[in-house]
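Everything on this sheet refers to the single structure shown next.
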Amino acid sequence: MAAKKKTGKSNTSAEELLGYYRDMLLIRRFEEKAGQLYGMGLIGGFCHLYIGQEAVITGIEAVTEEDDKRITSYRDHGHMLACGMDPKGVMAELTGREGGYSKGKGGSMHMFSKEKHFYGGHGIVGAQVPLGAGLAFADKYMGNDRVSFAYFGDGAANQGQVYETFNMASLWKLPVIFVIENNQYAMGTSQQRASSTPDLYTRGAAFGIPGEEVDGMDVLAVKAATEKAVAHCRAGEGPYILEMTTYRYRGHSMSDPAKYRTREEVQKVREERDAIEHVRELILAGNHASEDDLKAIDKEIKAVVNEAADFSRESPEPALEELWTDIYAEA
Ligand SMILES: Cc1ncc(C[n+]2csc(CCOP(=O)(O)OP(=O)(O)O)c2C)c(N)n1
Ligand SMILES: [Mg+2]
């Protein structure tokens with residue numbers, strides 16, 4: 001295996017590292033299970049897996065506080081798990097069951113949790129970005145010091161509505177952090193083929209929004225950059241852009257011809273930059289836990305995921321009458 005070029009604080013505590021290990025592993029095992037259930041025909045429709053990108057959401061959520069808000073695209077399962085939503089409710093939504101977060105009527109891309117301040121789950125590329133600024137506007141209006149996180153991809157970064165949002169967010173100094181999850185591809189189109197400039201973190205320059213490029217495969221680097229961005233927002237300085245360089249290991253969605261990149265390219269990232277492996281190495285090198293301890297954690301996580309999968313199969317399908325509920329909000 002090639003030498004790692006990761007940044008990382010050697011003084012990170014055992015507890016913190018083991019926490020990241022657990023959180024990232026939960027996302028990976030959950031997504032692997034979702035892939036299996038999809039293959040078995042238990043999940044239908046769209047399903048976009050987050051495998052490979054776990055360090056981004058894990059590092060950011062390590063910094064968030066109660067009542068901070070988040071909104072993202074259709075590649076949303078990891079975001080839900082990381083902000084504390086119940087794996088059972090997420091999995092049951094994937095299988096379209098009553099016990100799901102949207103009572104089985106939303107599916108993979110349309111889940112919400114008011115309690116955890118998770119505002120979706122959006123299938124229209126880039127649509128969550130102005131909505132994220134809206135969340136931040138509400139907090140500014142209420143006069144609190146909450147921060148909103150609007151996540152979007154490298155493909156979405158070329159959408160017009162993103163720049164309209166940048167303008168307003170900067171003009172009104174909204175406490176929103178724009179997190180660009182640059183996983184190098186938008187469906188089958190590589191970033192090089194679609195973006196006029198390679199650096200997405202500079203895209204706010206015309207609006208006076210500072211930005212930073214971060215190794216999104218290194219949970220400690222993600223956390224450090226997020227701390228800086230959050231401090232900026234909470235101090236009333238307005239928005240911030242974090243470009244997380246990351247990689248998705250699986251296809252765009254569940255059907256993906258995978259003709260746009262080589263197997264070797266994927267394998268190389270897995271071997272040299274995997275976020276979970278990186279934390280695992282830090283844990284072992286620091287003698288914070290043994291190989292057996294880590295195996296035991298994996299076993300525990302698998303049990304949580306299996307329980308979620310069982311729940312998602314046992315929960316009934318929504319009753320027919322549900323077709324008529326949750327359509328209009330009562331005003
Ligand atoms: C407005 C709009 N255009 C096109 C699509 C089809 N589409 C779905 S995902 C996607 C790629 C987006 O890529 P990126 O923003 O990099 O996010 P990623 O899937 O890599 O997480 C496209 C073109 C869509 N859903 N909405
Ligand atoms: Mg992408």
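Coordinate-derived values only; no laboratory data. Given the structure is predicted, the values throughout are model-derived calculations rather than measurements. So basically every Cβ, Gly included, is an ideal-geometry build from the backbone, and we count neighbours across all protein chains shown.
Only one entry in R28, R75 is over 14 Å from V279 (Cβ atoms), of a type outside the set (V, I, T), in contact (Cβ under 8 Å) with a residue 24 or more places away in the chain and surrounded by 21 or more Cβ atoms within 10 Å (Cβ to Cβ), namely R75. Among the residues making up region 47-86, a single one is closer than 23 Å to V304 by Cα and basic (K, R): R75.
Residue check: is V125 β-branched (V, I, T) and more than 28 Å from T262 (Cβ to Cβ)?
So V125 fails the test.
Assess whether A186 counts as being at negative phi and within 10 Å of ligand 2 (Cβ to nearest atom). Yes: the conditions hold for A186.
Listed by first and then second residue, the pairs linking a residue in region 142-168 that is over 22 Å from Y185 (Cβ atoms) and part of a helix (DSSP H, G or I) to a residue that is of a type in the set (F, W, Y) and within 14 Å of ligand 1 (Cβ to nearest atom), with Cβ atoms under 9 Å apart and 6 or more places separating them unless they lie on different chains, are T165/F178; F166/F178.
Look through region 137-163, keep the residues that are of a type in the set (A, V, I, L, M) and more than 11 Å from ligand 2 (Cβ to nearest atom), and return whichever of them is farthest from the chain's Cα centre (by Cα). Break it down into steps so the answer makes sense when it comes.
As a first pass, look at region 137-163 and keep what is of a type in the set (A, V, I, L, M): 138, 142, 147, 150, 156-157, 162.
Now narrow it down to the ones that are more than 11 Å from ligand 2 (Cβ to nearest atom): 138, 142, 147, 150, 162.
Values: A138: 23, M142: 27, V147: 16, A150: 10, V162: 18 Å.
Only one residue tops the list, namely M142.
Summed over region 264-318, the residues that are in contact (Cβ under 8 Å) with a residue 60 or more places away in the chain and of a type in the set (G, A, S) give a count of 7.
When you check F118 against the structure, is it out of contact with any Asp or Glu (no Cβ under 6 Å at 6 or more places or on another chain), of a type in the set (F, W, Y), touching a residue at least 60 places away in the same chain (Cβ under 8 Å) and surrounded by 18 or more Cβ atoms within 10 Å (Cβ to Cβ), yes or no? So F118 does not fit the description; no. Test of understanding: among E213, E243, which residue is within 23 Å of H48 (Cα to Cα), crowded, with 17+ Cβ neighbours inside 10 Å, in contact with a Ser or Thr (Cβ under 9 Å, 6 or more places away or on another chain) and in contact (Cβ under 8 Å) with a residue 24 or more places away in the chain? None of the other options fit; the residue is E243.
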